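Here's the structure we're looking at; comments come further down.
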Amino acid sequence: MTGSRKVYHPENAPEYVGLNVNKGVDQPQAVNEESVDRFLKKNKKIELTADEYCEGILQGNRTILSRAVTLIESNKPEHQRIAQDIIGRCLPYSGKSLRIGITGVPGAGKSTFIESFGSYLTATGKKLAVLAIDPSSERSKGSILGDKTRMEELSSDPNAYIRPSPSSGSLGGVARKTRETILLCEAAGFDTLLIETVGVGQSEIAVHSMVDFFLLLQIAGAGDELQGIKRGIMEMADTVVINKADGDNIHRAKITATQYRNALHLFPPPPSGWIPKVLTCSSMQKTGMNDIAECINEYFELVKGNGYFKERRSSQARFWMYETIDANLKNSFYQNDLVQFNLNHLEQVVSEEKISPFVAAQDLLEKYFSTISNR
């Protein structure tokens, strides 16, 4: 009955009297739980020992290499312990690659350039690892990690390994564990590494401290080209490459290259003894890649011959020792039980301007050091 209207049910008609409806066969469950359990057990990742990780990395097993990098990027203490063990064991097998940092303004075509230049390198017999740093959202802390999608040709190259990593809010968007990942990639047999930053900014300082050669990618026709010349970035660059030098943009790219060459003469000579060059290329048409490769080879011949290469590597190792100390002290502070217990309260009273942030910080530090001294 719906409202005042009667609903007609034909099964109740007189001609159907005596019709019996038998109970149907019991239906099986939509999911076979036993099969699911067997599948999960079969496909569950087997935990590896540090020895097994190292053996797989040294054999060039990319699956094990990727799992080791995931351990490095993890903040879990148990993951960090095994990650540091793996790094220590692989360290004697690292250090034999050429580390090249690539940066540039947003829209300069870094990913397209890396795919074109990377494909050129692998075609000459190089084993290439690309460590691409994806910016993490300040709101969601998420990251797209889409570099493999943007580098379709290179991602299917058997001589190339692409590892996108989230910046996770670290300095200027550079992944906190990139340098440790470099060591594992070298131990896995990759002789050339390209480290891409998310853009011009503080990230260049961090990347410059972990690479041997620093390439600045720029474009022409985007306004006043000289506005793109920042003294700090330009002084760090070993070579400036003007990308997108194709079609109607070739003439403007040449003019821009001349402007950069003139600007570079204003800077003092770098300690390496190398005179930075300005080149042009087209990542889309894959032109100019040979000139860039020759330029990089000339640079390495020079710095290895005059001793600067070894000196810079030693300086970088000392720098990262201090950076690791700073990072570990910070983690130790925030993981301290007494600090965690008082942090939210002090944050609240600082927000309400009842005490100054400096007093609150000093209070937390004193609590932290008191627990350390009582151990």
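Please treat every number below as a calculation from the coordinates, not as lab data. Remember, predicted model here, so these are calculated numbers, not experimental data. Glycine gets a Cβ as well: all are built from the backbone with ideal geometry, and neighbour counts include every protein chain shown.
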For a Förster distance of 45 Å, can you work out the FRET efficiency between the beta-carbons of Lys76 and Lys304, rounded to the nearest 0.05? 0.70
Taking neighbour counts of Cβ atoms within 10 Å as a proxy for exposure, in what order, fewest first, do Phe117, Phe300, Phe267, Phe214 appear? Phe267, Phe300, Phe214, Phe117
Added length on full extension, which subtracts the Cα-Cα distance from 0.36 nm per residue, Glu55 to Leu343: 99.4 nm
Return the loop-located trypsin sites (Lys or Arg not before Pro) in region 87-123 (DSSP other than H, G, I, E, B) with at most 14 other Cβ atoms within 10 Å of their own Cβ; answer none if there are none. Lys96
Using the Cα centre of region 319-375 as origin and beta-carbon charges of +1 (Lys, Arg) and -1 (Asp, Glu), tell me which of Gln348, Phe358, Phe369 is placed farthest towards the positive end of the dipole. Phe369
Packing-based exposure ordering (other Cβ within 10 Å, fewest first) of Glu298, Glu47: Glu47, Glu298
Would you give the gap between the C-alpha center of region 267-300 and the C-alpha center of region 72-139, rounded to a whole Å? 21 Å
Final fewest-first order of Glu366, Glu323, Glu311 on the 10 Å Cβ neighbour count is Glu366, Glu311, Glu323
By how many nm would the segment from Glu366 to Lys354 lengthen if fully extended, with 0.36 nm per residue of separation less the alpha-carbon distance? 2.4 nm
